[in-house]
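Input: a single structure, listed below in structure tokens.
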Amino acid sequence: MQDLDVLRYPIGDFVYGKTYSADETRQHLAAIDELPIKLTELVGKWGDDRLDTSYRPGGWTVRQLVHHIADSHINAYVRTKLGLTESNPTISPYEEGEWANLPDSKLDIAPSLVILRNLHQRWVTILSSLSDTDLQRTYFHPGSKREFTIREVIANYAWHGEHHYQHAYRLALRNGWT
């Protein structure tokens, strides 16, 4: 990987189509559960100078990153509920880059950190109660033109949270903020 690729994908890219064991799914659920606290501990007291720093050249600022995680995980929560209550629903994609440029992406990060804490509490409550049959339920993503099982969604969002956490964490390390 080139240096810019390492900055962009600090833990590597998510691999779609893998099969996950029950133990791996429990680990993924733990990661989803822990993310809001871990993220808040890292960036919750940062000032505007740090929050408005891009995690890589041409990348989002940490402020945009935090708001993006909230936006993304809200969508994932709704998609999860659709997948659990409908038969292979087609979910609605969204333009994450466009969302990151809307006026709310310039707000203080506190509202998004609160959203994440409360959203993850609800999401993990649902996900933790699922049977193996429930975890095999699916939804269809028209952008990628493929079905996702709820088990794969759990893995994907455990990766997604850590992926973006590492953006902020490694930026802090590079700049001596930790």
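For segment 100-115, the set of residues classified as open to solvent by 60 Å² or more (accessible area, probe 1.4 Å) and either charged (D, E, K, R) or assigned to a loop (DSSP other than H, G, I, E, B) (or both) consists of Asn101, Leu102, Asp104, Lys106, Leu107, Asp108, listed by residue number.
Restricting Arg63, Arg50, Arg56 to residues that are buried (at least 19 other Cβ atoms within 10 Å of the Cβ), in contact (Cβ under 8 Å) with a residue 12 or more places away in the chain and not polar (S, T, N, Q) narrows the list to Arg63. Only a single criterion out of (1) farther than 20 Å from Val153 by Cα; (2) among the small types (Gly, Ala, Ser); (3) open to solvent by 50 Å² or more (accessible area, probe 1.4 Å) is not satisfied by Gly97, namely (3).
Does segment 122-138 contain any residue that is in a loop (DSSP other than H, G, I, E, B), touching a residue at least 12 places away in the same chain (Cβ under 8 Å) and open to solvent by 40 Å² or more (accessible area, probe 1.4 Å)? Checked against the condition, which is being in a loop (DSSP other than H, G, I, E, B), touching a residue at least 12 places away in the same chain (Cβ under 8 Å) and open to solvent by 40 Å² or more (accessible area, probe 1.4 Å), segment 122-138 yields at least one hit.
The set of residues from segment 17-47 being among the hydrophobic types (A, V, I, L, M, F, W, C) and either assigned to a helix (DSSP H, G or I) or open to solvent by 80 Å² or more (accessible area, probe 1.4 Å) (or both) comprises Ala22, Leu29, Ala30, Ala31, Ile32, Leu35, Ile37, Leu39, Leu42, Val43.
Applying a threshold of 9 Å to beta carbon distances and a minimum spacing of six or more residues, or different chains, the list of pairs starting in segment 1-28 at a residue that is touching a residue at least 24 places away in the same chain (Cβ under 8 Å) and under 20 Å from Gln166 (Cβ atoms) and ending at one that is surrounded by 10 or more Cβ atoms within 10 Å (Cβ to Cβ) and polar (S, T, N, Q) reads Pro10/Gln166; Ile11/Gln166; Phe14/Asn156; Tyr16/Ser144; Tyr16/Asn156; His28/Asn156. If only residues of segment 81-99 that are part of a loop (DSSP other than H, G, I, E, B) and charged (D, E, K, R) are counted, the one that is nearest to Ser54 (Cα to Cα) is Glu95.
The values are calculated or read from the model by the stated rules, or taken from the named source; none is laboratory data. Remember, predicted model here, so these are calculated numbers, not experimental data. As a convention, Cβ positions derive from the backbone with ideal geometry for all residues, glycine included, and neighbour counts pool all protein chains shown. The protein model used for the area step is the full one, side chains on, heavy atoms only, and it has no ligands, DNA or RNA in it. Shrake-Rupley method; radii C 1.70, N 1.55, O 1.52, S 1.80 Å.
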